[in-house]
Structure formats: structure tokens, C-alpha cells
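To keep things clear, I will list the structure first and then write my remarks on it.
The values are calculated or read from the model by the stated rules, or taken from the named source; none is laboratory data. Nothing here was measured: the structure is a model prediction, and the numbers come from that model. Don't worry about glycine lacking a Cβ; one is built from the backbone with ideal geometry, like all the others, and counts go over all protein chains shown.
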Amino acid sequence: MISSCCSEPGAKQNHISEGHVEQIAEINTYKTGNGKSAIIIFTDIFGFAFANTRKIADRFAEETGMTVLIPDYFNGDPVDPTVPNFRVGLPEWLKRHPPIDACALADKFISTIKGHYQSIQIIGFCYGAKVVVYLITHPELSSTIKAAIVGHPTFLVKEEATQIKRPILFLCAERDEKFPSDVEEHFRKELTTNSLGTFLQYPGTIHGFIIRPDGSPHVCEQSEKAIKDAIDYFNKNN
């Protein structure tokens, strides 16, 4: 079940999108930037049209010079935080959109765009982190991906740590019930031993702080720091 903090949309943000929506692999996709390399964002439960996510996508495109893509792997059915009592419907929503289905769509998406870009990097926030880890644990998919990032991940299990095949950056909240300390420590041990993993933790934060900061000065500052760290990582691996 998705926890209350995972479903908290954070302080309201406004953003005028700089990109456009087109179909890729029969999936509606937000596309911004026009670089020869690509970044794919796999979203949290609020989906590809969420203002916060598109704001970050436009920022990534501007500061990396890459094309940024956000596939709508919820098929037009994200969680809508403006609906009264939307949290009540979360368990039913998750039944309609289990991570295994999102992973299958991501597989199709990656398979379609590979060869169109010089390199492909991926990032997943919350729900989307499960998709990222899926993509870099399967040999036929991971070979297409140069590097990966997850931000305050959800649904990860210890067994996946030894299966990861590509470099990955973890942007971790200080306190995160969706990525508990024992799971984080297991991933940290496995992935620092084989030099594939880099782990950054942001003090005074909880799950969701990057994509959905609560508006407080400290959390906004840490969110901004995490976004800059992601941009630096993308640029380093381009």
C-alpha cells in the first residue's frame, strides 16, 4: 500500500511547460530539449503531467543539453491530488497500475528509442524507482542504459541490489519509510563494494522531498541540492 507521505503532493508549484507531448511507442510522452543524448524520467504516482515533474524535466534539458522524455505509463490515469479524499482510492489505483505493468511499458519504451540517441540515462522518483531498477537489472535492457538515478525510492527489495548492472546514484531522504534504513544499508553495501552505487543523503528530509517539497525553506534547499546533484551526475555520464 502507498503510504500517506508517498501520496502527499507537497506545496503547490506552478510551471509553464517548455516542451510538448508526442507519441513514442504508442505512449503519450512529454518531450523537452533537443539533445543527441536522452534522459528518461519515470514518475511518481502523480504522473507525467504533474507540474513539479515537468518543471524538473525542463530544468534537466536546459542544464544538460539533453533531450528529456517523460512517458505516461499510467495511460492517462495518474493519481489526481485535486480530487477530494483522493487518498481513499489509492489501494484501488495501485491495483490498476501495479509496478509490473509500468515495467513492461518501460521495456517497450526503451526498446523503441534505443538507437535514436547517443546515450540514454534514466531517473525514477518514488514509484518510478522500481521501474529504473527493473531496467538496469535485465541484461537485454541494461546494456542500452548508460547510468541511472533513483530519488527517494519505493518498492525496492534487497534481492535487487546484487542484480544491478549499471552505475546508479541514490538520492535519499534522511527518514524514509518507503526505503527503510535496513534496505538502504543493504543496497549501499552491495553497490559500493562493486563500485556501481553512489549514495547521497539529505538531512532533515522525508520521502518525496525532491519532487514534492513541502515549501519550507530547508526542504526546498535540500530539494534544490538533490536536483543539482542529479544534473551533475547526468553531465558526468553523458
*Of (1) without any contact (Cβ under 8 Å) to a residue 24 or more places away in the chain; (2) closer than 26 Å to A104 by Cβ; (3) not small (G, A, S), T192 satisfies all except one. Which?*
(2)
_For the stretch 70-81, check the following and say yes or no: at least one residue is over 17 Å from the mean Cα position of the chain (by Cα), at pLDDT below 95, surrounded by fewer than 22 Cβ atoms within 10 Å (Cβ to Cβ) and more than 21 Å from A173 (Cα to Cα)._
yes
*Only one residue in T67, T29, T43 is under 22 Å from E224 (Cβ atoms), among the hydroxyl-bearing types (S, T, Y) and at pLDDT 95 or above, so which one is that?*
T43
*asked:* Condition check: surrounded by 24 or more Cβ atoms within 10 Å (Cβ to Cβ), within 22 Å of P98 (Cβ to Cβ) and of a type in the set (G, A, S). Does A173 satisfy that?
replied: no
*Considering only the stretch 134-143, state which residues are among the hydroxyl-bearing types (S, T, Y) and under 10 Å from R166 (Cα atoms).*
T137, S142, S143
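Conditions (1) touching a Leu at 6+ places or on another chain (Cβ under 9 Å); (2) at positive phi, marked per residue:
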site: R188; (1), (2): no, no
site: T192; (1), (2): no, no
site: G197; (1), (2): yes, no
site: I210; (1), (2): yes, no
site: G215; (1), (2): no, yes
site: A226; (1), (2): yes, no
site: A230; (1), (2): yes, no
site: N238; (1), (2): no, no
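One line per residue, one yes/no per condition, for (1) surrounded by fewer than 23 Cβ atoms within 10 Å (Cβ to Cβ); (2) within 20 Å of I210 (Cα to Cα); (3) free of Cβ contacts under 8 Å to residues at least 24 places away in the same chain:
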position	(1), (2), (3)
H20	yes, no, yes
N28	yes, no, no
K36	yes, no, no
I41	no, yes, no
G47	yes, yes, no
F50	no, yes, no
R54	no, yes, no
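Return the only residue of V150, V133 being touching an Asp or Glu at 6+ places or on another chain (Cβ under 8 Å), buried (at least 19 other Cβ atoms within 10 Å of the Cβ) and under 25 Å from K55 (Cα atoms). Break it down stepwise before answering.
On the way: V150 fails: touching an Asp or Glu at 6+ places or on another chain (Cβ under 8 Å).
Every option except V133 fails the conditions.
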*Does the stretch 214-221 contain at least one residue that is in contact with a Ser or Thr (Cβ under 8 Å, 6 or more places away or on another chain), touching a residue at least 24 places away in the same chain (Cβ under 8 Å), buried (at least 21 other Cβ atoms within 10 Å of the Cβ) and among the aliphatic types (A, V, I, L, M)?*
no
*Here is a list of conditions, (1) hydroxyl-bearing (S, T, Y); (2) closer than 13 Å to I40 by Cβ; (3) crowded, with 23+ Cβ neighbours inside 10 Å, and Y127 meets all of them except one; can you say which number that is?*
(2)
*Considering each residue of the stretch 117-135, count those that are without any contact (Cβ under 8 Å) to a residue 40 or more places away in the chain and either over 15 Å from the mean Cα position of the chain (by Cα) or within 25 Å of G35 (Cα to Cα) (or both), and give that number.*
2
_If I filter the stretch 134-154 down to residues being modelled with pLDDT of 95 or more and small (G, A, S), which single residue comes out as nearest to P99 (Cα to Cα)?_
G151
*Read through the list (1) without any contact (Cβ under 8 Å) to a residue 12 or more places away in the chain; (2) under 27 Å from G33 (Cβ atoms), then give the number of the only condition that I113 fails.*
(1)
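The rows are residues; the columns are (1) buried (at least 20 other Cβ atoms within 10 Å of the Cβ); (2) hydroxyl-bearing (S, T, Y); (3) under 20 Å from F46 (Cα atoms).
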{"residue": "F155", "(1), (2), (3)": "no, no, yes"}
{"residue": "E160", "(1), (2), (3)": "no, no, no"}
{"residue": "P180", "(1), (2), (3)": "no, no, no"}
{"residue": "H186", "(1), (2), (3)": "no, no, no"}
{"residue": "I211", "(1), (2), (3)": "yes, no, yes"}
